[in-house]
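**Q** Please read through the structure below; I'll follow up with questions.
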Amino acid sequence: MSSYLKRRKQRYAEDADFRAKTRDYNRAWHEAHRERVNEARRRQWRDDPARRLKQRTYRRKSQRKDQLKYYYGMSVADYEALLAKQNGACAICKQTFAQTPCVDHSHITGEVRGLLCRSCNLGLGHFKDDPRLTRAATAHLEAALAGEEL
């Protein structure tokens, strides 16, 4: 990057008036050349067959990052650290993840409790995160396994 571009980039970051003028100029130019810009984009999509795959991959990563931040208040680094802490396995069944892990969180406090496989996450969801229901279900299963009459 040239020194001119470095200075311009630094000025853009530090000077609010310069930033506002630059944005206004860019918006006006884009509006005045809308057809030219749209045609260039159409040409890129048409001429580059791998573009769809690249865009889909980018959106998937970007969307996941945005969802983690919006819904759980965590960064991708936080998510990766939690995944490493759990050794890449579900916090309940201890099976390694075959699909993208679900973020288990309290619906009351919003606090993240861990990463779960889809089955365990759905199970907790069906029990409405109520420990009494999960204990009752466990007692029911244990009684059935012991051959006791229900």
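The values are calculated or read from the model by the stated rules, or taken from the named source; none is laboratory data. This is a predicted model, so every value here is computed, not measured. Methodologically, a virtual Cβ is constructed for each residue, glycine included, from the backbone with ideal geometry; neighbour enumeration extends over all protein chains shown. Only protein heavy atoms, including side chains, enter the accessible area calculation; ligands, DNA and RNA are left aside. Shrake-Rupley method; radii C 1.70, N 1.55, O 1.52, S 1.80 Å.
**Q** Do any residues in the range 109-126 that are in contact (Cβ under 8 Å) with a residue 40 or more places away in the chain and under 19 Å from K85 (Cα atoms) have Cβ atoms under 9 Å from those of residues that are open to solvent by less than 40 Å² (accessible area, probe 1.4 Å) and part of a loop (DSSP other than H, G, I, E, B), where the two are at least six apart or on different chains, and which pairs are they?
**A** Partner pairs satisfying both residue conditions: V112/M74; V112/S106.
Residue by residue, here is whether (1) more than 29 Å from the chain's Cα centre (by Cα); (2) under 30 Å from E111 (Cβ atoms); (3) assigned to a helix (DSSP H, G or I) holds:
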residue	(1), (2), (3)
A13	no, no, yes
D17	yes, no, yes
R27	yes, no, yes
H30	yes, no, yes
E35	yes, no, yes
R52	no, no, yes
S62	no, yes, yes
C93	no, yes, no
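**Q** Tell me whether the range 72-88 contains one or more residues that are surrounded by 12 or more Cβ atoms within 10 Å (Cβ to Cβ), aromatic (F, W, Y) and part of a helix (DSSP H, G or I).
**A** Yes, the range 72-88 contains a residue that is surrounded by 12 or more Cβ atoms within 10 Å (Cβ to Cβ), aromatic (F, W, Y) and part of a helix (DSSP H, G or I).
**Q** Here's something else I'd like to know. Tell me whether the range 122-130 contains one or more residues that are open to solvent by less than 50 Å² (accessible area, probe 1.4 Å) and closer than 25 Å to Q63 by Cβ.
**A** Looking through the range 122-130, at least one residue is open to solvent by less than 50 Å² (accessible area, probe 1.4 Å) and closer than 25 Å to Q63 by Cβ.
**Q** Scan (1) assigned to a helix (DSSP H, G or I); (2) closer than 22 Å to Y70 by Cα for the single condition D129 breaks and write down its number.
**A** Failing condition for D129: (1).
**Q** Residue check: is A137 in a helix (DSSP H, G or I), at pLDDT below 95 and either among the acidic types (D, E) or open to solvent by less than 100 Å² (accessible area, probe 1.4 Å) (or both)?
**A** Criteria met by A137.
**Q** Then there's this: So which residues in the range 96-121 are aliphatic (A, V, I, L, M) and either touching a Gly at 6+ places or on another chain (Cβ under 7 Å) or buried (at least 18 other Cβ atoms within 10 Å of the Cβ) (or both), if there are any at all?
**A** V103, V112, L115, L116, listed by residue number.
**Q** Mind telling me which of the residues R46, R19 ends up being over 30 Å from Q99 (Cα atoms) and surrounded by 11 or more Cβ atoms within 10 Å (Cβ to Cβ)?
**A** R19
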